[in-house]
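Everything below concerns the one structure shown next.
Bear in mind that the values in this text are calculations on the coordinates, not laboratory data. Keep in mind that what you see is a predicted model, and the values were worked out from it rather than measured. In this analysis, Cβ positions are derived from the backbone assuming ideal geometry, glycine residues included, and neighbour counts consider all displayed protein chains.
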Amino acid sequence: MKAISLLLAIVTYSCFISTSFASQTCISSQIHLDKMLKEDGNLQLKLMDALDSRPSTSYWYKKKNKDFIIFFKDWQCYVPHPDTLSKYNIIMADFVETKEGYYFMSIPFVRSWFISFLNERKAFLNSPESAANIQEFIDDTKTKINEFIVPKSGFMNFNSFFQRKLKKNARVVSMANNEKCLNSPVDGTFNKEDSILPNFLNTQVKLKTDTLSTKEVFNNSPYASKFVGGNVLNITLNYYNAHWLYSPVNGKIVDQNILAGLYNLESSNQDLPQHKRGYLIVNTEKFGYVGIVAVGLQTVSEVNFLSSINDDVKKGDVLGHFGYGGSTVIVFFESNLQMDFKIDLNKSGTSLEIGQILSCISK
């Protein structure tokens, strides 16, 4: 009996420590933000100005500084659920996609705090507590869990589910040896609104809520000018998609880079794009140079490449993956190509699969 009592005491104490740690973690950002605002009256006024600028249609309408603090407390340990997965991202975007909100979040002290918040959020998504609703995702027929590798012990946290890998042969690379056809690099949905079709001299490209010149997208890479005036295909990924990036072409990687967004870099630069992105440029025999850009939401701090410059790649080779959040992949083409698209360019929302033919060169 004494042994059993001692065991129960140890288990109870361990649960108490675990719960206390989780509770403390979930209020740490609230405490830090509250302290930061109380110690800086000018910061308080700037936040009030940002909140007061929101119209009656906004979540932030008539919200006060204390509501801003509580929002981040709730978000920090939010357990992802299919019905509300984008809730906090949408509300955050509603705040930051205004001049006042953007510049408040650009203040070095605020940005530094938000980076810490994102790191704590990431830590929560790697914790067992974040796995509470994973079964809801698995049961969703859109997830097609039978196509993915499920660990014997199950998904131990939400990020392990989000970065789940496809089973071998779950996707077929169509016309793998045909150099004149290009395949989809991801599972996702064709986004007509943010694609640029057909060819015209585009100088501005929309990457989620960032608008950049073509050269800026590729960080002024010497190859960036190749894509000015070319077609741009935008593919959006959802939670039920595999968040892995595959090569759509055969060729050699001539340039590759990962670029920090506003919230992923300690910097005094207040004009950084909001979203972290990575790009690859592949030199091919028939398509010339093809640019592949992976873009994450504000709260996605992970865009990881497994490839390197000078790598020879084939269609279907794994190039990298995303961390948690909504994601977009954008494919850039040279301007002198006569392309025969195999998807309906007049219809947004077309579902695409890795390896599916997107376009062939007409001649």
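Numerical summary
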{"item": "Virtual spin-label span in nm between E97 and S153, 7 Å along Cα→Cβ", "result": "4.0"}
{"item": "Those lysines that a straight Cα-Cα span of less than 18 Å connects to K73, excepting residues fewer than 8 apart in one chain", "result": "K35, K38, K63, K64, K87, K122"}
{"item": "Extension reserve of the D344-D139 stretch, reckoned as 0.36 nm per residue once the Cα distance is removed", "result": "70.8 nm"}
